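Just below is one structure, and these are the notes that go with it.
Every read-out reported here was derived from the displayed coordinates using simple, explicitly stated rules and does not represent laboratory data. As the structure is a prediction and not an experimental result, all values here were calculated from the model. Methodologically, a virtual Cβ is constructed for each residue, glycine included, from the backbone with ideal geometry; neighbour enumeration extends over all protein chains shown.
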């Protein structure tokens with residue numbers, strides 16, 4: 001993914017790079033860090049929903065919908081771009 005991003009940006013002349021491989025590695029690290037943040041956020045949302053699972057079941061709340069809402073809310077609060 002990082003290779004494609006760097007390749008396309010260079011091809012469109014939006015950036016230049018003295019060392020394309022180094023730039024690709026840096027982009028890959030940024031992507032990996034963002035994915036890790038999102039995974040951690042998802043785990044936190046799962047834990048929160050687990051705490052309220054009985055109440056959600058009783059009130060017939062859709063797990064998937066609630067997961068998305070909470071994840072979006074927490075991401076916005078923390079400045080995480082999804």
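Taking Cα atoms only, the orientation of helix 2-11 departs from the longest principal axis of the chain by about 50 degrees. Dividing the mean sequence gap of close Cα pairs (under 8 Å, 6+ apart) by how many residues the stretch 2-78 holds gives a relative contact order of 25 percent. Compared with the dominant Cα axis of the chain, that is its longest principal axis, helix 20-51 is turned about 0°. When Rg and Dmax of the Cα atoms in Å is calculated directly from the model, which label among [x] 11.5, 34; [y] 20.5, 57; [z] 18.7, 60 fits? It is the one labelled [z].
GNM remark for the chain: springs join alpha carbons under 10 Å apart, and the peak mean-square fluctuation among 69, 36, 12 falls on 12. As a proxy for reagent exposure, ranking 24, 16 by other Cβ atoms within 10 Å from fewest up yields 16, 24.
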